[in-house]
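Colleague: Before anything else, here's the structure in question.
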Amino acid sequence: MLSNTIRSLSNNVKAKIQHHIRMNYSNVKNIDKYKTLKVSVPKDFIYLVQLNRPEKLNALNDTMWKEVKICFNELAIDSECRVIILSGAGKAFCAGIDVSDAMNIARELAEHEDVARKCKILNLKIKDYQESISAIEKCPKPVIAAVHGACIGGGIDMISTADIRYCSADAWFTIKEVDIGMAADVGTLQRFPKIIGSDSLVRELVYTGRKFTAAEALQQGFVSRLLDNQESLMKTSMLLAEEIASKSPVAVQGSKLSLIYSRDHSVQESLDHIAMHNQVMLQSEDFINAALSQATKSDPPNFSKLS
């Protein structure tokens, strides 16, 4: 009798029940555990990760650095997650590193006179920050960065790891590190030049720390869409995420893996890499079901979960 009742429910109600189950049984343990991030599941298989220190314009403090790494490492193995939208709460995406944390590091260094001891402290801190930002890139799920307002310093590091970058018209960007007497050391100098086509412009922005607008970011290819406001930014990002989430997770995650590998290797090494990958993955049920759907012009298949 219960089974008959369930079968009689509308597809819409069934979808809502499934969504509720997914939200409550996600592999990301205790979705509300974060102090500096807000994580939600607005649609099936889509996770929204918001930087959530709006009173500090989402400046990166020590807790946020740690939580970004934990969050993206957990989403990497969450079978309910297929796409991630990364955004910021409040008036800005990210104001860069929290100055108070920088002062804490300075005080820690002042406790030591020997340069080797100071170097050890700095090396460990820099590597921790690098691993945090790299966790976004290493996550096999596509990450859509939805940027509004200010995106400064560490914010550039962060979105340079994203697969796709959209922004609203009020967004502006600056590689700010030179203005605080340092070279950027968490990924901008390594990733940003591989995104922007002009080496000259990269060096201009890095050496001067000047602001560049949303329009300039679009013109130079740093972002691929410019939306009128934050509302349309989030709506468009969600539509994109839904489309990606409907595709085979085997195909999408394999594509991300190959794109990142190919960026850092020769063409031949990359061809060998994808051949090795696909000799296994072309035996997946996803390939068979998707190919059959295309051949018969039938409805797209619903793909099974993949962690």
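Colleague: Hey, which of the strands (runs of 3 or more DSSP E) in the range 82-189, taking only ones fully inside, have at least 2 residues that are polar (S, T, N, Q), more than 25 Å from I70 (Cα to Cα) and in contact with a Gly (Cβ under 8 Å, 6 or more places away or on another chain)?
Modeller: none
Colleague: Tell me which residues, restricted to the range 54-78, are open to solvent by 30 Å² or more (accessible area, probe 1.4 Å) and over 12 Å from the mean Cα position of the chain (by Cα).
Modeller: The answer is P54, E55, K56, L57, D62, T63, K66, I70, E74, I77.
Here is a yes/no grid of residues against (1) farther than 21 Å from I97 by Cα; (2) modelled with pLDDT under 95; (3) of a type in the set (K, R):
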| position | (1), (2), (3) |
| --- | --- |
| S168 | yes, no, no |
| K176 | no, no, yes |
| G181 | no, yes, no |
| S200 | yes, no, no |
| R225 | yes, no, yes |
| L239 | yes, no, no |
| S246 | yes, no, no |
| A251 | yes, no, no |
| L257 | yes, no, no |
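Colleague: Here's a follow-up. So L226 ticks every box in (1) surrounded by fewer than 12 Cβ atoms within 10 Å (Cβ to Cβ); (2) touching a helix residue (DSSP H, G or I) at 6+ places or on another chain (Cβ under 8 Å) but one. Which box is left unticked?
Modeller: Checking L226 against (1) surrounded by fewer than 12 Cβ atoms within 10 Å (Cβ to Cβ); (2) touching a helix residue (DSSP H, G or I) at 6+ places or on another chain (Cβ under 8 Å), the one that fails is (1).
Colleague: Moving on to the next point. What are the residues in the range 131-183 that are among the hydrophobic types (A, V, I, L, M, F, W, C), under 27 Å from E243 (Cβ atoms) and open to solvent by 20 Å² or more (accessible area, probe 1.4 Å), if any? Outline the logic, then answer.
Modeller: Restricting attention to the range 131-183, the residues satisfying the condition of being among the hydrophobic types (A, V, I, L, M, F, W, C) are 133, 135-136, 139, 143-147, 150-152, 156, 158-159, 162, 164, 167, 169, 171-173, 175, 178, 180, 182-183.
Adding the requirement that they be under 27 Å from E243 (Cβ atoms) leaves 133, 135-136, 139, 143-147, 151, 156, 158-159, 162, 164, 167, 169, 171, 173.
Answer for the range 131-183, where residues must be among the hydrophobic types (A, V, I, L, M, F, W, C), under 27 Å from E243 (Cβ atoms) and open to solvent by 20 Å² or more (accessible area, probe 1.4 Å): I164, A169.
Colleague: Another question, if that's okay. Does I274 qualify as being surrounded by fewer than 16 Cβ atoms within 10 Å (Cβ to Cβ), of a type outside the set (K, R), out of contact with any Lys or Arg (no Cβ under 9 Å at 6 or more places or on another chain) and more than 26 Å from Y47 (Cβ to Cβ)?
Modeller: no
Colleague: Grab the helices (runs of 4 or more DSSP H) fully contained in the range 234-307, keeping just those with 3 or more residues being over 23 Å from the mean Cα position of the chain (by Cα).
Modeller: 267-281, 285-296
Colleague: Based on this model, can you work out whether S3 counts as open to solvent by 20 Å² or more (accessible area, probe 1.4 Å) and modelled with pLDDT under 75?
Modeller: yes
Colleague: Follow-up. Give the residue, chosen from F287, F303, that is of a type in the set (A, V, I, L, M, F, W, C) and surrounded by 16 or more Cβ atoms within 10 Å (Cβ to Cβ).
Modeller: The unique qualifying residue is F303.
Colleague: Looking at the structure I just gave you, is D286 modelled with pLDDT under 95 and in contact with a Ser or Thr (Cβ under 8 Å, 6 or more places away or on another chain)? Let's see the steps before the verdict.
Modeller: On the way: modelled with pLDDT under 95: yes; in contact with a Ser or Thr (Cβ under 8 Å, 6 or more places away or on another chain): yes.
For D286, the condition - modelled with pLDDT under 95 and in contact with a Ser or Thr (Cβ under 8 Å, 6 or more places away or on another chain) - is met.
Colleague: With respect to C119, is the statement that it is out of contact with any Pro (no Cβ under 9 Å at 6 or more places or on another chain) and open to solvent by less than 50 Å² (accessible area, probe 1.4 Å) true?
Modeller: no
The values are calculated or read from the model by the stated rules, or taken from the named source; none is laboratory data. None of these values were measured; they are calculated from a predicted model. All Cβ positions, even for glycine, are placed from backbone atoms using ideal geometry, and neighbour counts span all protein chains on display. Ligands, DNA and RNA are excluded from the accessible area calculation, which covers all protein heavy atoms including side chains. Shrake-Rupley method; radii C 1.70, N 1.55, O 1.52, S 1.80 Å.
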